[in-house]
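> What follows is a single structure, and I will ask about it in a moment.
Read the figures in this text as sums done on the coordinates, not as results from a lab. Keep in mind that this is a model prediction, so the values were computed, not measured. Cβ placement follows ideal geometry from the backbone for every residue including glycine, while neighbour counts extend to all protein chains displayed.
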Amino acid sequence: MNIANALDLSGIKINLLSKLKPDLLLYLLPATVYLVYISNNRKDNLSIDIRISRSSVLMGICLMILINILNPASIIAQELWSKEDLYNYLSMRNKAEFIEKFGIGSYIRKDIELTASDDSLNKDELNYWIENNRELSENNEYTDIFKDKNLIILQSESLSVNAINENITPNLFRLKNEGIFFSNFYAPLYPANTSDSEFIIQSSLIPSLNNGITCYEYDDNDFRETLPLLFKNKGYSVNSYHSYFENYYNRNNFHKALGFDNYYGLESLFIDEKIKYEEEYWTDDYKLIEAYLNNRNSDKYYSLIITASGHLPYDRSRAQLNDNYLKIKESYPEMNDELTYYYASLMKYDDALGLLINNLNENDVLVIVGDHYPYGLNAEAQSELMPSDYKKFKTPFIIYTKDIEHKEINKCCSTFDILPTLANMFGFEIKEYHTGKDIFSENDSAVYFSDGSLIINDEYIDSGEEYLKHQDVYFYCQEILKNMKKNQSLK
């Protein structure tokens, strides 16, 4: 049920005292009457010492919840909403707003209704939708240009497109101006943050929104067409690397489900150094790239490297950033203090990027992509760095090889489009449904945000007919995830 996750990663942060309303007294009334009744009818009701049994208290609580759920006012209010609104607000997104409008009791009631109802699709219904919504791009000028080359994706922690700075991040600045730079690229933020972003990049599917966290709930899925599987099926060695604990975000299991041969984390890469997270906060990305280069032992590979230096917090608690902090302050004395620490962390990242660039093989294709905007910055630092609206979700997406011709692509695109775009460039045929599109095709892609809003042709849409027309993508992606769950496929 949604209730199990309601206060976990759903984004509900409610100050209960601020939400108390006079009509809440109605919820307490039946329970109060019941407690008074059982107290007055006990055999020892003349005694001053009124003792109420545990079962009586439980019954009173149940009655209070029941009257909350059956509150006629909330039922009538909900009936005024369209079916689409109710579905969007309760079963997938905007749980906080639903509770704001209708109360926690209404949320519980509708959640129970949806859970108890048997509205799951059968395979024929799902396959029919997939066949009518699958778009396979035709060949274009970028088809097969990387055929038989290697791929390295540097998934960059909290990297905003606005953070590219010639003085602070010179290597990133260089790639922006030498590679193919997608200047209108978005990385929508989903409930599990980095983990969901890497899932989107590898699968081009919308992550779980109402059935638990993707990396935990679907770690035994039979995924059919992910980036690692596309490369593995062509004889590549496919491995992922990160400098944090291997069980974090369940990567040691989930990455194998996605198709990676191995996932190398903190325990595998740095066992000799015995780096302690508590002492260094985040293992330096430079050490991560060094470990990756020492570990790489194949001539034909796809490598996913997940960086960490750009991660929050951005303050003096990270002693390893102090030198960079002072350097930046010399050049930008008026910069917000927390933003300065953020840039100090990106200097660590950029040094690691330089090491990777210097060790690229002639056959290597390097992809830079930000996993999400730096939401860990305080409001003042965020306002100094980037817009406050949906454009804050813009992150860098760069494709680079030593002999590539520089080009800037201004087409609106997102992390969902990475798989079909790279598949076309590496000459892989894709047959399954993917949410994204090949950016170089003539097909318009949409940016899908976790709250149901989207961007189409640079227009932000969060209501109206066009908005409703695209909501089925969220629903069917959830069904696709469930259908790939081993031994739990659709009817």
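> Starting from the 7 Å offset along Cα-to-Cβ, what nm value, one decimal, do you get for the label separation of CYS62 and ARG174?
Label-label distance for CYS62 and ARG174, simple model: 7.0 nm.
> Restricting things to alpha carbons, tell me how big the stretch 402-460 is in terms of Rg and Dmax, in Å.
In order Rg, Dmax, the Cα atoms of the stretch 402-460 give 12.7, 40 Å.
> Further, regarding this structure: Which whole-Hz ³J(HN,Hα) couplings does the stretch 404-420 yield from phi under the Karplus relation 6.51 cos²θ - 1.76 cosθ + 1.60, θ = phi - 60°, glycine and proline marked x?
Calculated HN-Hα couplings, in order: 6, 8, 5, 7, 10, 9, 9, 5, 5, 7, 7, 4, 5, 8, 5, 4, x Hz.
> Let me ask something else about it. Could you give the length gained by full extension between LYS147 and LYS123, i.e. 0.36 nm per residue of separation minus their alpha carbon distance, to one decimal place?
Residue separation times 0.36 nm, minus the Cα-Cα distance, leaves 5.2 nm.
> Within 9 Å, Cβ to Cβ, of TYR286, how many net charges do the neighbouring residues add up to if Lys/Arg are +1 and Asp/Glu are -1?
Its environment carries a net charge of -2.
> Something else now. Give a residue-ordered list of calculated ³J(HN,Hα) values for the stretch 366-377 (Karplus: 6.51 cos²θ - 1.76 cosθ + 1.60, θ = phi - 60°; whole Hz; x for Gly, Pro).
Per residue, the Karplus-derived 3J(HN,Hα) values read 9, 10, 9, 8, x, 6, 5, 6, x, 5, x, 6 Hz.
> Along the Cα→Cβ direction, 7 angstrom out, place labels at HIS406 and GLU334. What is the inter-label distance in nm?
Between HIS406 and GLU334, the label points sit 2.9 nm apart.
> Moving on. Past the 17 angstrom mark, what percentage of all C-alpha to C-alpha distances in the stretch 114-241 do you count?
It works out to 74 percent of all Cα pairs.
> Expressed in nm to one decimal, what extension gain is obtained for the pair ASP323 and LEU293 from 0.36 nm per residue of sequence separation less their Cα-Cα distance?
Extra length available between ASP323 and LEU293 comes to 8.2 nm.
> Report the rotationally averaged projected area of the stretch 250-407 based on its alpha-carbon convex hull, in square nanometres.
Mean projected area of the Cα convex hull: 11.6 nm².
> If you don't mind, there's one more thing I want to ask. When ranked by the protection proxy of mean other Cβ atoms within 10 Å per residue, highest first, what sequence do the peptides 176-182, 338-344, 145-151 form?
Top to bottom by mean Cβ count within 10 Å: 338-344, 176-182, 145-151.
> Rounded, prolate or oblate for the stretch 360-490? Axes are the square roots of the Cα gyration tensor eigenvalues, ordered a ≥ b ≥ c, and the cut-off for rounded is a/c under 1.5.
Verdict is oblate for the stretch 360-490.
> Give me, ordered by chain and number, the residues 5 or more places off GLY370 or on other chains with an amide H under 5 Å from its own placed amide H.
Residues meeting the amide H criterion: SER156.
> In whole Å, what three semi-axes, largest first, describe the equivalent ellipsoid of the stretch 156-216 built from its Cα gyration tensor (square root of 5 times each eigenvalue)?
29, 12, 9
> List every residue whose amide H lies under 5 Å from the amide H of TYR264, counting only residues 5 or more places away in sequence or on a different chain, with H placed 1.01 Å from N in the peptide plane.
SER240, TYR241, HIS242
> Right, next: So which trypsin sites (Lys or Arg not before Pro) in the stretch 270-379 are both in a DSSP loop and have at most 16 other Cβ atoms within 10 Å of their Cβ?
Those that pass, being in a loop and sparsely packed, are LYS274, LYS276, LYS300, ARG316.
> ASP220 versus LYS469, label points 7 Å from Cα toward the beta carbon: distance in nm?
4.1
> Compute from the Cα atoms of the stretch 393-436 the Rg and the Dmax, the latter being the longest Cα-Cα distance, and quote both in angstrom.
Gyration radius and largest Cα-Cα distance of the stretch 393-436: 12.0, 33 Å.
> How would you order 153-161, 394-402, 221-229 from highest to lowest mean count of nearby Cβ atoms within 10 Å?
Result, highest mean Cβ count within 10 Å first: 153-161, 394-402, 221-229.
> Can you give the extra length, in nm with one decimal, that the chain gains between SER183 and ASN457 once fully stretched, where that is 0.36 nm per residue apart less the Cα-Cα distance?
Gain on stretching SER183 to ASN457: 97.2 nm.
> Convert 10 °C to kelvin, take the viscosity as 1.306 mPa s, use the Kirkwood radius over C-alpha pairs of the stretch 211-326 as Rh, and evaluate the Stokes-Einstein diffusion coefficient in µm²/s, rounded to a whole number.
Estimated via Stokes-Einstein, D reaches 102 µm²/s.
> Starting from the Kirkwood radius over alpha-carbon pairs of the stretch 262-354, derive D by Stokes-Einstein at 37 °C in a medium of 0.692 mPa s and give it in µm² s⁻¹.
Here the translational diffusion coefficient equals 228 µm²/s.
> Here is a further query. Taking just the C-alpha trace of the stretch 183-232, give me its Rg and Dmax in Å.
11.6, 36
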